[in-house]
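Below is a structure I'd like to ask you about.
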Amino acid sequence: VRVRVLGAAAGGGFPQWNCVCSGCRAARSEPARAKPRTHSSVAVRAPSGRWLLINASPDVADQLETLYDDGPAELAAVVLTDAELDHTLGLLRLREHETPLTVVATPYVRRVLSVDFPIDSVLSHWAGVIWRDLLPGAGPIDIDGLMVEALSTGVKGPRFAASRSDEQAVVAIVVGPAALVCAPAVERIDSALESALCAAGCVLFDGTCWTDDELLSVRAGGRTATQMGHLPLSGPSGSLHTLRALDVRRVVLIHVNNTNPVLLDDSPERAALQSMGVEIAQDGLELAL
Ligand code: MLT
Ligand code: MN
Ligand code: ZN
């Protein structure tokens, strides 16, 4: 299975337009030290040659340009891990899609995008959306020849959503039995997720923050990683500790926030990652699974 990381950064991108943290400054002035990255999104090639897009980022149109072949990249479907703006704004940019766009999501995410942020009704004035349900833990569904399954990774909905959230709020996407786990937002790792992580050939994992309070030190009024529904990477209760204990075959961080020091190639945190054998995604990274 051909997998391409279209974008590796968390909300805001890297650099983020209004940020002058050391990482963002480096990304602007010394890109060789800190490669800029667009919002997190992953494309998986289906047997038909069409692409399954995991999340539709605000950068989606430019990201799809990188898949241009003899013609535009054809989409089989968009699968959503959650309803956050950095994973759904791109649906609006896909409004030129000539036929109804298939969007695969949990009933919770579908509700948020129909009620709280009604992309669904906006897009109905173009070709519209065909929704397909993805139920965490219910086993795989076939999308254009790819077997796709969702596993719950968190219960926090987006901050703008009034809809009450639950275990459908945030999921990891598992593609193909034991091939890829794409988990850009992980609040907790339960036993079902553990099993999928252990079995996977490659895991694209939530790399939002190195430490829990990282955003607070850069922005007044910032929230902790935990408050945003992301496990921090470092520390005894951090995700790297768990991933190491599970002996996951290949871990590549994605959805990395601009404040995360691992984005600086020469940081001690990056060296620590390297010594653990953990990779960090950059835009355009290709995985053959
Ligand atoms: C998240 O990943 O937690 C969200 O994208 C944060 C946000 O932009 O509100
Ligand atoms: Mn995000
Ligand atoms: Zn920054």
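Does P72 meet the test of being modelled with pLDDT of 95 or more and either in a loop (DSSP other than H, G, I, E, B) or more than 20 Å from R132 (Cα to Cα) (or both)?
Details: modelled with pLDDT of 95 or more: no; either in a loop (DSSP other than H, G, I, E, B) or more than 20 Å from R132 (Cα to Cα) (or both): yes.
When the stated conditions are applied, P72 does not pass them.
Now, a different point. For the condition touching a strand residue (DSSP E or B) at 6+ places or on another chain (Cβ under 8 Å), in contact (Cβ under 8 Å) with a residue 60 or more places away in the chain and not aromatic (F, W, Y), what is the one hit in D133, D82? Give the steps one after another, and end with the answer.
On the way: D133 fails: in contact (Cβ under 8 Å) with a residue 60 or more places away in the chain.
Testing whether each residue is touching a strand residue (DSSP E or B) at 6+ places or on another chain (Cβ under 8 Å), in contact (Cβ under 8 Å) with a residue 60 or more places away in the chain and not aromatic (F, W, Y) leaves just D82.
I would also like to ask the following. Starting from the stretch 221-245, take each residue that is more than 18 Å from P184 (Cα to Cα) and list its partners that are hydroxyl-bearing (S, T, Y) and open to solvent by 10 Å² or more (accessible area, probe 1.4 Å), counting only C-beta distances under 9 angstrom and pairs at least six apart or across chains.
G222/T259; G235/T211
Could you tell me whether any residue of the stretch 79-93 is away from ligand 3 (no atom under 16 Å from the Cβ) and small (G, A, S)?
Taking every residue of the stretch 79-93 in turn, at least one turns out to be away from ligand 3 (no atom under 16 Å from the Cβ) and small (G, A, S).
Residues L240, L204: which one is more than 16 Å from ligand 3 (Cβ to nearest atom), part of a helix (DSSP H, G or I), on the phi < 0 side of the Ramachandran plot and buried (at least 16 other Cβ atoms within 10 Å of the Cβ)? Quick ask: steps written out before the conclusion?
On the way: L204 fails: part of a helix (DSSP H, G or I).
Result of the check over L240, L204: L240.
Condition first: hydrophobic (A, V, I, L, M, F, W, C) and either touching a helix residue (DSSP H, G or I) at 6+ places or on another chain (Cβ under 6 Å) or part of a strand (DSSP E or B) (or both). Now tell me which residues in the stretch 207-227 satisfy that. Quick ask: steps written out before the conclusion?
To start, the set of residues in the stretch 207-227 that are hydrophobic (A, V, I, L, M, F, W, C) comprises 209-210, 215-216, 218, 220, 225.
Once the filter is applied, which keeps residues that are hydrophobic (A, V, I, L, M, F, W, C) and either touching a helix residue (DSSP H, G or I) at 6+ places or on another chain (Cβ under 6 Å) or part of a strand (DSSP E or B) (or both), the stretch 207-227 yields only W210.
The rows are residues; the columns are (1) more than 12 Å from ligand 1 (Cβ to nearest atom); (2) out of contact with any Asp or Glu (no Cβ under 8 Å at 6 or more places or on another chain); (3) more than 21 Å from R159 (Cα to Cα).
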residue	(1), (2), (3)
D213	yes, yes, no
T224	no, no, no
G229	no, no, no
S237	yes, yes, yes
H241	yes, yes, yes
R244	yes, yes, yes
V252	yes, no, yes
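Taking into account only those residues within the stretch 178-199 that are part of a loop (DSSP other than H, G, I, E, B) and closer than 25 Å to E269 by Cα, which is nearest to the chain's Cα centre (by Cα)? Explain how you work it out, then say what you get.
Step one: list which residues in the stretch 178-199 are part of a loop (DSSP other than H, G, I, E, B), which gives 178-179, 184-190.
When the remaining residues are screened for being closer than 25 Å to E269 by Cα, the result is 184-189.
Details: P184: 4, A185: 7, V186: 10, E187: 13, R188: 15, I189: 16 Å.
Across the stretch 178-199, the extreme among qualifying residues is P184.
Residue by residue, here is whether (1) closer than 19 Å to E286 by Cα; (2) within 14 Å of ligand 3 (Cβ to nearest atom); (3) out of contact with any Ser or Thr (no Cβ under 6 Å at 6 or more places or on another chain) holds:
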site: G11; (1), (2), (3): no, yes, yes
site: W17; (1), (2), (3): no, yes, yes
site: V20; (1), (2), (3): no, yes, yes
site: I54; (1), (2), (3): yes, no, yes
site: P58; (1), (2), (3): no, no, yes
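Shifting gears a bit: Just the residues that are crowded, with 18+ Cβ neighbours inside 10 Å and not in a loop (DSSP other than H, G, I, E, B), please, taken from the stretch 243-269.
Across the stretch 243-269, the qualifying residues are L243, V251, V252, L253, I254, V256, P261, V262, L263.
Would you point out the residue of the stretch 152-177, among those that are away from ligand 2 (no atom under 16 Å from the Cβ) and part of a strand (DSSP E or B), that is nearest to A196 (Cα to Cα)?
In the first step, residues of the stretch 152-177 are kept if they are away from ligand 2 (no atom under 16 Å from the Cβ); the result is 152, 162-164, 166-168, 174-177.
The next check asks that each one be part of a strand (DSSP E or B); those that pass are 152, 174-175.
Numbers: S152: 11, V174: 8, V175: 10 Å.
Filtering the stretch 152-177 for residues that are away from ligand 2 (no atom under 16 Å from the Cβ) and part of a strand (DSSP E or B), the one nearest to A196 (Cα to Cα) comes out as V174.
Does A179 satisfy being farther than 17 Å from V278 by Cβ and at pLDDT 95 or above?
Numbers: farther than 17 Å from V278 by Cβ: yes; at pLDDT 95 or above: no.
No: the conditions fail for A179.
The values are calculated or read from the model by the stated rules, or taken from the named source; none is laboratory data. This is a predicted model, so every value here is computed, not measured. Glycine gets a Cβ as well: all are built from the backbone with ideal geometry, and neighbour counts include every protein chain shown. Surface areas here come from the heavy atoms of the whole protein model, side chains and all, with no ligands, DNA or RNA. Shrake-Rupley method; radii C 1.70, N 1.55, O 1.52, S 1.80 Å.
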